[in-house]
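Everything on this sheet refers to the single structure shown next.
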Amino acid sequence: MSKGDNRREEIVSFMERYAEEHGGQSPSLQEIADDVGISKAAVDQHMQKLIDEGRACRRDGKLWLTQTPLFPLLDLNRHEGSSNGGGSRRG
């Protein structure tokens, strides 16, 4: 994953947290920039990339994520053993 990809994931994580903590509201570019530690212009560039990827959109001057997970992502390493028959509890 490139540095830009990592930064976009940080932005997405912040936006998800922000929406959860603020009743579904979207953060401003400045709030994202302050949290992630980059300029507002850089946030705008990353948001445009997320829009191009179909992961975000602009509506009424606000930025919105378009694909919020319905459930937490699974830790694949933790579940690896159970998919290959290892660790069964027969007794």
Phi-derived 3J(HN,Hα) across segment 25-41 with the Karplus relation (6.51, -1.76, 1.60, θ = phi - 60°), rounded Hz, x for Gly and Pro, is 6, 9, x, 7, 4, 5, 5, 5, 4, 4, 5, 7, x, 10, 6, 4, 5
Cα pair distances in segment 3-65, grouped into 5 Å bins until the bin that holds the longest one, percent each:
4, 20, 34, 29, 12, 2, 0
The extension gain from Cys57 to Ser28, computed as 0.36 nm times the residue separation minus the Cα-Cα distance, is 9.1 nm
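No value in this document is a laboratory result; all are computed from the given coordinates. The model shown is predicted, which means the values in this text are computed figures rather than measured ones.
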